[in-house]
Amino acid sequence: DYTLQWFDNELLPVFGVDLFQYSFNLDKGYSVIKDGRVEVLVLKLEKLNECATKAFKEFINTDDYILDMANTSDGQSYNQFYKKFLRTVRLPKTYLDRMYESKYMKRFYSEQEIAMYRERWGHPEGD
């Protein structure tokens, strides 16, 4: 459950910014939060390719940002195993319920996205 508490345990104590007190733009896939002297870029990795340029332009005011795809599984010795894992892994319903019913998912993902991920990672017949 560490990932579900990361913002509260790591970001909030250090910067004093509670991300759950701010809205998040689901359509854009990112939001820039300004709280006093602190600015935080919150970006969904699933939308990184489509929104990184706009997000970084807004966050650091630059037109020079280029997303460099590095450290991908393409060309790696484990690529075929990784792709098979993604095709075949299915997670228990109890785990998916805990993740997808969390305040984190409800804040940063739409109901349609959550349903899509549940279908993608769940067992067709449940647990």
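Of note:
- Cα gyration tensor shape of region 67-127, rounded if a/c is under 1.5, else prolate or oblate by comparing a/b with b/c: oblate
- Positive-end ranking of LEU67, LEU86, TYR22 along the dipole of the chain, with charges on Cβ about the Cα centre, is headed by LEU86.
- Calculated mean residue ellipticity at 222 nm for the chain: -11500 deg cm²/dmol, from DSSP H runs with n ≥ 4 weighted as -39500 (n - 2.57), summed, divided by the residue count and rounded to 500.
- Taking a Cβ cut-off of under 15 Å around THR62, the surrounding Lys, Arg, Asp and Glu residues balance to a net charge of -3, with basic ones at +1 and acidic ones at -1.
- Mean accessible surface per residue for the chain, computed with a 1.4 Å probe while every protein chain stays in place, in Å²: 73
- Protein accessible area in the chain, 1.4 Å probe - carbon and sulfur %: 51
- Cβ-derived FRET efficiency at R0 30 Å, LEU11 paired with ASP68, nearest 0.05: 0.75
- Global form of region 20-118, assessed from the alpha-carbon gyration tensor, a/c cut-off 1.5: oblate
- Nearest-20 debye value, the chain charge dipole, Cβ charges on Lys, Arg, Asp, Glu: 300
- Taking every alpha-carbon pair under 8 Å whose residues sit at least 6 apart, the chain reaches a relative contact order of 19 percent.
- Using the Cβ of MET99 as centre and a radius below 12 Å, the other residues enclosed give a net charge of +2, where K and R count +1 and D and E count -1.
The values are calculated or read from the model by the stated rules, or taken from the named source; none is laboratory data. None of the values given here were measured: they were computed from a predicted structure. Cβ coordinates were reconstructed from backbone atoms using ideal geometry, including for glycine residues, and neighbour counts include every protein chain displayed. Side chains included, ligands, DNA and RNA excluded: accessible areas come from the protein's heavy atoms. Shrake-Rupley method; radii C 1.70, N 1.55, O 1.52, S 1.80 Å.
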